[in-house]
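A.B. asks: Before I ask anything, here is the structure I am working with.
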Amino acid sequence: MKRVIFFVLVFLFAVDCFSTEIDWQAFLAKQDPVWVKLPEKFDHGAFLGNGLLGTTIFKDSPQQLRFEIGRSDVTDHRFDNARLPIGGIILRTAGKIQSGNLRTDLWNAEVRGEIVTDKGTIKFRAINHTEEIVLLADFEFTGEEKNAAFQWEPKKAETGRTATKIEPNPQPGIAQNENINYCEQKRIAGGSFTTAWYVGNDNSSNNNDGIRKRLTLTVADKFPVADSKLEALETVKRVVGVPIANLEKSHREWWHNYYPQSFVSVPDSQIEGFYWNQIYKLASATRRERMVIDLLGPWYRNTGWPRIWWNLNIQIAYSPVYTANRLELGESFTRFIDAKRNNFVKNAKDIWKFDDCATVPHTTDYEGLRGNGTLAPDKYINPGDFTWALHLYWQQYRFSMDDSLVMDHKKHAFYPLLKQSVNLYSKLLKKGDDGKLHLPVMHSPEYGDDADNNYNLSLLRWACETLLYLDDRYQFNDSMRPSWEDILRDLVEYQQDENGFRIGRNQSFKHSHRHWSHLLMVWPLHILSTEQAENKEIIERSIKHWLTVGGGKGINGWSLAAAASMYSYLGDGDNALRCLRAHHNSKVSVMPNTQYIEGSPVIECSLVAAESLQEMLLQSWGNVIRVFPAVPAEWKEAAFSDLRAEGAFLITAVRKNGKTNWVKVKSLAGELCRVSPNFSEPFNLSDSSVSIKEFQTGVFELGLKEGQEVILYTNKDDVEKIAPTKIPDNKTNFWGVK
């Protein structure tokens with residue numbers, strides 16, 4: 001690597017020189033998905049969400065526009081406590097639909113549409129309000145379409161996993177209360193969920209050309225005995241009485257504060273647009289105080305996966321949150337772990353018969369349990385699944401450096417649960433004749449079973465290293481420390497052969513498969529450093545073999561997103577871009593609305609691709625922040641602001657003419673700051689009070705205090721305000737149905 005010499009200027013730049021200049025509404029308008037014709041199935045529909053209530057809009061017959069409704073916490077509370085379908089509100093047109101269009105306005109979190117029938121037109125706009133649990137939709141009808149009608153179509157309260165196994169829930173009842181319609185669905189397990197809706201005429205806006213109506217709809221869920229009908233009716237009554245201007249104001253304020261938390265722009269409309277649709281999707285799927293993300297999010301259609309899956313799914317669902325500087329969304333996961341901590345201990349007792357351990361089976365209900373005392377709905381019982389999930393909690397800590405996440409054991413369960421996860425492994429380890437500690441036969445998702453499989457070896461190593469780090473940092477003097485040191489010293493090495501990393505001791509990677517469980521030490525754990533030549537070689541060999549063995553027939557879109565991150569870890573931006581594009585172009589799985597389908601919805605498989613882009617632009621592992629570590633050669637320009645790095649740093653950077661122009665580093669917690677700014681020539685510092693020394697070639701240690709920031713730059717005249725990269729207008733709005 002070329003050595004970069006630096007010098008420090010003795011004067012300060014004005015902060016304004018390094019500020020942002022982003023017209024957020026105009027920028028996001030170029031990322032909006034646009035349907036020039038109406039989507040004709042759920043998988044292609046425009047979606048809304050507020051972290052609990054979800055709406056998907058699509059045409060499902062020649063005279064119907066469907067608003068399919070979901071709610072994240074509507075479950076059966078029996079057997080495996082699976083998610084239940086709710087139903088949809090249908091706008092039944094007077095005439096046959098001849099044409100139409102939709103647009104998701106990302107900036108305002110609003111879907112707008114127009115329908116042309118042979119009897120008139122319908123225009124509408126809809127939001128899922130960010131605070132109230134309601135769908136609000138305004139409609140304008142012309143011609144005979146003023147006779148278009150709304151109708152609720154309930155779904156049977158069962159899923160494919162429960163329909164043949166348990167007594168069916170009773171039929172729903174549809175009725176009316178003071179002009180508010182409602183559909184109450186009682187459950188055999190107790191409680192109920194109720195959809196209530198009201199369609200009112202907006203007479204003040206009527207004119208000779210048309211008539212206006214407003215739909216207000218909510219879903220309430222109560223268990224085990226509370227009255228969901230009462231709550232649903234009260235919600236509709238209250239919201240109908242609030243001026244729409246007030247509702248619109250609070251809704252937009254939330255979203256307008258949300259987006260600018262960080263900024264990313266690259267010279268590729270497909271990739272840039274996909275990224276921003278995932279940022280929208282994340283906040284639609286969860287909020288700090290709302291439900292943990294499952295495979296469906298707040299939306300619902302028939303699915304084989306109506307629960308929480310732990311062998312990859314919940315982990316990659318949250319993967320973009322941390323670098324995107326949206327840690328409040330990650331709190332829905334940490335709050336879930338904290339609240340259900342006793343259930344994870346119960347799982348270990350029920351499954352393994354061990355005390356003082358914690359785990360999950362392959363899949364759980366929304367209490368973190370196997371499901372009402374039964375075994376998990378599938379056969380896979382794997383300690384690593386829970387340990388991997390705790391890696392999310394670790395990232396919440398590392399990107400925030402919030403000491404309470406580790407120190408306050410009464411409120412936060414991370415440290416105790418990580419210890420209990422390792423305790424479970426410790427009870428399973430056996431010392432072999434070679435003097436090494438070995439793991440018994442366990443499952444390597446989703447490939448097969450083997451002893452000493454790399455999936456569990458990787459997670460056990462990461463967990464022990466993390467516990468030792470925390471014990472050192474916070475001086476816990478934990479009595480378990482010697483056992484963690486023994487494990488790291490004596491644990492058997494990763495299993496490998498001529499093709500790279502194996503599944504385990506007795507099984508090589510012989511056939512193509514979508515899951516990279518044997519490569520977790522590479523990504524996302526980052527515990528096998530690519531900075532050592534021997535590691536880099538076997539990582540490259542392993543990735544290539546994984547992607548190409550058997551013609552790569554088992555590789556899916558989300559596999560390619562993971563591969564993009566792995567190539568970024570290697571600093572290979574060109575291959576990272578190739579894999580990311582292949583993910584986006586996987587038309588069988590990646591839908592026009594950026595949702596992801598493999599038979600059933602699996603929204604996490606598109607969310608993970610947002611992290612792939614982040615890791616091309618910024619990485620922070622091994623206590624080093626790496627700026628533009630894997631930008632492909634064809635991207636001569638790129639820009640980002642306030643992306644978050646481990647150690648709680650906010651990073652802003654601009655790339656022009658194929659090289660780094662300037663980088664701003666802000667310390668939020670006063671942690672040790674080592675940064676590789678990736679300059680190709682000597683650079684300057686904006687603040688002479690900040691100490692700097694070269695830690696290793698190309699890596700510089702900055703003496704930043706908490707709250708302090710500094711700008712690194714090569715040429716003062718090149719420093720400009722952050723702005724989007726230029727994409728021709730005819731190349732924008734890539735997503736949607738064209």
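A.B. asks: Could you look through the stretch 319-367, keep only residues that are part of a loop (DSSP other than H, G, I, E, B) and free of Cβ contacts under 8 Å to residues at least 24 places away in the same chain, and pick out the one that is surrounded by the fewest Cβ atoms within 10 Å (Cβ to Cβ)?
C.D. replies: Only one residue tops the list, namely K353.
A.B. asks: Of all residues being within 17 Å of the chain's Cα centre (by Cα) and outside any strand (DSSP E or B) in the stretch 306-315, which is surrounded by the fewest Cβ atoms within 10 Å (Cβ to Cβ)? Just the residue, please.
C.D. replies: If we take residues in the stretch 306-315 being within 17 Å of the chain's Cα centre (by Cα) and outside any strand (DSSP E or B), then Q315 is surrounded by the fewest Cβ atoms within 10 Å (Cβ to Cβ).
Yes/no matrix, rows are residues, columns are (1) among the hydrophobic types (A, V, I, L, M, F, W, C); (2) modelled with pLDDT of 95 or more; (3) under 17 Å from I487 (Cβ atoms):
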site	(1), (2), (3)
D365	no, no, no
L375	yes, no, no
Y380	no, no, no
L390	yes, yes, yes
P416	no, yes, no
S421	no, yes, yes
S426	no, yes, yes
D433	no, yes, no
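A.B. asks: Got at least one residue in the stretch 84-107 being among the β-branched types (V, I, T), over 34 Å from the mean Cα position of the chain (by Cα) and surrounded by fewer than 17 Cβ atoms within 10 Å (Cβ to Cβ)?
C.D. replies: Within the stretch 84-107, none of the residues are among the β-branched types (V, I, T), over 34 Å from the mean Cα position of the chain (by Cα) and surrounded by fewer than 17 Cβ atoms within 10 Å (Cβ to Cβ).
A.B. asks: Out of (1) over 21 Å from I279 (Cα atoms); (2) of a type in the set (K, R); (3) part of a helix (DSSP H, G or I), the odd one out for R370 is which?
C.D. replies: Only one criterion is unmet by R370, namely (3).
A.B. asks: Considering each of S641, S667, S606 in turn, give the residue that is under 26 Å from the mean Cα position of the chain (by Cα), in contact (Cβ under 8 Å) with a residue 12 or more places away in the chain and closer than 13 Å to T323 by Cα.
C.D. replies: It is S641.
A.B. asks: So P592 fits all but one of (1) out of contact with any helix residue (DSSP H, G or I) (no Cβ under 6 Å at 6 or more places or on another chain); (2) more than 21 Å from E531 (Cβ to Cβ); what number is the exception?
C.D. replies: (1)
A.B. asks: Here's a follow-up. Could you say whether any residue in the stretch 569-577 is assigned to a loop (DSSP other than H, G, I, E, B), of a type outside the set (D, E, K, R), closer than 12 Å to N454 by Cα and touching a residue at least 60 places away in the same chain (Cβ under 8 Å)?
C.D. replies: No, because not a single residue in the stretch 569-577 is assigned to a loop (DSSP other than H, G, I, E, B), of a type outside the set (D, E, K, R), closer than 12 Å to N454 by Cα and touching a residue at least 60 places away in the same chain (Cβ under 8 Å).
A.B. asks: Moving to a separate point now. When A582 is evaluated against the numbered criteria (1) surrounded by fewer than 23 Cβ atoms within 10 Å (Cβ to Cβ); (2) touching a residue at least 40 places away in the same chain (Cβ under 8 Å), which criterion, by number, is the only one it fails?
C.D. replies: (2)
A.B. asks: Then there's this: Could you say which residue among S444, S426 is closer than 26 Å to S517 by Cα, crowded, with 23+ Cβ neighbours inside 10 Å and not aliphatic (A, V, I, L, M)?
C.D. replies: Being closer than 26 Å to S517 by Cα, crowded, with 23+ Cβ neighbours inside 10 Å and not aliphatic (A, V, I, L, M) holds for just one of S444, S426, which is S444.
A.B. asks: Among the strands (runs of 3 or more DSSP E) confined wholly to the stretch 61-117, which include 2 or more residues that are under 21 Å from K738 (Cα atoms)?
C.D. replies: Answer list for the stretch 61-117: 64-71, 97-105, 110-117.
The values are calculated or read from the model by the stated rules, or taken from the named source; none is laboratory data. Not measured: the values here are computed from a predicted model. So basically every Cβ, Gly included, is an ideal-geometry build from the backbone, and we count neighbours across all protein chains shown.
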